[in-house]
There are 2 protein chains.
Amino acid sequence: MEKSHESTTIEMGETSKLERRGKAPLLGSTPAIAAVVGHNKGAAKNKKGIAIFDLVLRIAAIATSIGAAVGMGTAGETLPFFTQFFQFEAGYDDLPTFTFFVVAMSIVVGYLVLSIPFSIVCIARSHAVVPRLLLIIFDTAFVTLTTAAAGASAAIVYLAHNGNQDANWLAFCNQFGDFCQTTSGAVVAAFVTVVIFLLMVLLSAIALKRH
Amino acid sequence: MEKSHESTTIEMGETSKLERRGKAPLLGSTPAIAAVVGHNKGAAKNKKGIAIFDLVLRIAAIATSIGAAVGMGTAGETLPFFTQFFQFEAGYDDLPTFTFFVVAMSIVVGYLVLSIPFSIVCIARSHAVVPRLLLIIFDTAFVTLTTAAAGASAAIVYLAHNGNQDANWLAFCNQFGDFCQTTSGAVVAAFVTVVIFLLMVLLSAIALKRH
């Protein structure tokens, strides 16, 4: 009878380890159970911390990507002299790559705004797997779009600054200094967005692992 | 005594559910336990399938990224006519973006080769979390590098094909058709590598979730 009683106690401890998956623990007085519950709470807190940091990063990414899109979209310069037929002006729509940049960054802004509710769900229910999985997959897809836009525009900005003698492409930043500065800033903002995206993927992967 | 016996039986069932985390089950004769073990085996098989598919994709990515690097690195064309002072030739090192492309794709090839052992570890020990987490994080970082190289080169290849009237950059693909074709092929191979990378991240995320 002694032995049977002992095994019943062990059973309770083991059961409540299982119970932490969702149901309420049957007994909370044993120290072992308290330790388990405490550890569980610590993990949940940790996950909530990651989820909150993810939301903060997401808002920062919205700011930088709006900055990139608006910066590039409003970049333009009209030179103060003109001939009878020409007025010298530069705008983002003169270069197809910059147009792609504006479109891509606008799509990224849209995605980031739409992803905010999922990030909030991850905060509220820190054990939810599906929203986190969706976030990591779409984040990876959109980091690719952002990087493609940033990389392509960086190549063009480099050409605009330095030109290329072999291809006989002349730099135009001497004439359109303002335009070049604004577009360079937009490209930098896009690369900052890429870095924030990478941090978000890193956090999501760690949170998924801890599940 | 009857009741105590019943609770002991339940305990065994619950315990062996816990035991599947690593220790051998104490009793395997109960149908419930057999079902649990069967489900567990199915999940492990599923994970092994994902890990094998990951390895196959990784080898495919090595092939496409080597193709991209070598294709761009060997791209060159010398025109069949020359003046006393000039010989008209085009090579990837005439354009800094293409040089960046070759360097970046070589780094990606190196990373992919080094990642093969980790992928094999994921096949052999399908419950290992650390190698899979390392793979998903580094895959995401390197997909960014690949996309940046591919995007930047795509912008230059577009310029080489179409030129830009507003910036007065002339297309040179009429003269250097072969060179343009090879570089375009390399850029396409790089984008194929990006797609394979995205698939690998997707698979790793799903495998992490199933843990």
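What is the distance in Å between the Cα centroid of the stretch A:141-211 and that of the stretch A:107-122?
So the two Cα centres are separated by 22 Å.
Amide H of B:TRP169: which non-local residues (sequence gap of 5 or more, or other chain) have their own amide H closer than 5 Å, using H built in the peptide plane?
Hits under the 5 Å cutoff: B:ASN164.
Would you tell me the mean number of C-beta atoms belonging to other protein chains that fall within 10 Å of each C-beta in B:136-148, as a whole number?
Values: counts 9, 5, 0, 2, 12, 4, 0, 7, 14, 2, 3, 11, 10.
Mean number of neighbouring Cβ atoms from other chains: 6.
Give the accessible area for A:GLU89 in Å² (nearest 10); use a 1.4 Å probe, count only protein heavy atoms, and leave out ligands, DNA and RNA.
110
Given points 7 Å out from each Cα along the Cα-Cβ axis, report the A:THR99 to A:VAL130 separation in nanometres with one decimal.
4.1
Provide a list, ordered by number, of residues in the stretch B:158-201 showing at least 20 Å² less accessible area with every protein chain present than when their chain is taken on its own, using a 1.4 Å probe.
Relative to the lone chain, where solvent access is computed with a 1.4 Å probe, the stretch B:158-201 loses at least 20 Å² at B:TYR158, B:LEU159, B:ASN164, B:ASP166, B:ALA167, B:TRP169, B:LEU170, B:PHE172, B:LEU198, B:VAL201.
Rounded, prolate or oblate: which fits the stretch A:66-208, taking a ≥ b ≥ c as square roots of the Cα gyration tensor eigenvalues, rounded meaning a/c under 1.5, else prolate when a/b beats b/c? Before the final figure, lay out the partial values.
On the way: a/c = 3.84, a/b = 2.60, b/c = 1.48.
Prolate shape, in that a/c is at least 1.5 and a/b is the bigger ratio.
Which FRET efficiency, nearest 0.05, do B:THR74 and A:ASP178 yield, Cβ-Cβ r, R0 45 Å? Intermediate results must be reported in sequence, preceding the final value.
Working: r = 41 Å, r/R0 = 0.91.
My answer for the efficiency is 0.65.
Top to bottom by accessible area (1.4 Å), largest first, where do B:ARG125, A:ARG132 land?
Numbers: B:ARG125 160, A:ARG132 10 Å².
The ranking, largest first, comes out as B:ARG125, A:ARG132.
Computed FRET efficiency, Cβ-Cβ of A:LEU199 and A:ASN46, R0 22 Å: what is it to the nearest 0.05? Mind dumping the intermediate values first?
Working: r = 17 Å, r/R0 = 0.76.
Efficiency, rounded to the nearest 0.05: 0.85.
Provide the solvent-accessible area of B:VAL187, counting protein heavy atoms only and rolling a 1.4 Å probe, rounded to the nearest 10 Å².
Taking all protein chains as shown, B:VAL187 has close to 10 Å².
Summed for both chains, how many Å² of accessible area, to the nearest 100, are buried between A and B with a 1.4 Å probe? Let's see the in-between values first.
Numbers: alone 12820 and 12860 Å², together 21880 Å².
Interface area, both chains combined: 3800 Å², rounded to the nearest 100.
I'd like the accessible area for A:TYR111, computed on protein heavy atoms only with a 1.4 Å probe and all protein chains in place. Round to 10 Å², please.
30
Using a 1.4 angstrom probe, figure out how much accessible area the stretch B:113-195 has per residue, in square angstrom, rounded to the nearest whole. Kindly include the intermediate steps, with their values, before the conclusion.
Working: 3550 Å² over 83 residues.
Here the per-residue accessible area is 43 Å².
The values are calculated or read from the model by the stated rules, or taken from the named source; none is laboratory data. Because the structure is predicted, anything quoted here is derived from the model rather than measured. Quick reminder, even Gly has a Cβ in these numbers, built from the backbone with ideal geometry, and neighbours come from all protein chains shown. These area figures cover heavy atoms from the full protein model, side chains too; ligands, DNA and RNA do not enter into them. Shrake-Rupley method; radii C 1.70, N 1.55, O 1.52, S 1.80 Å.
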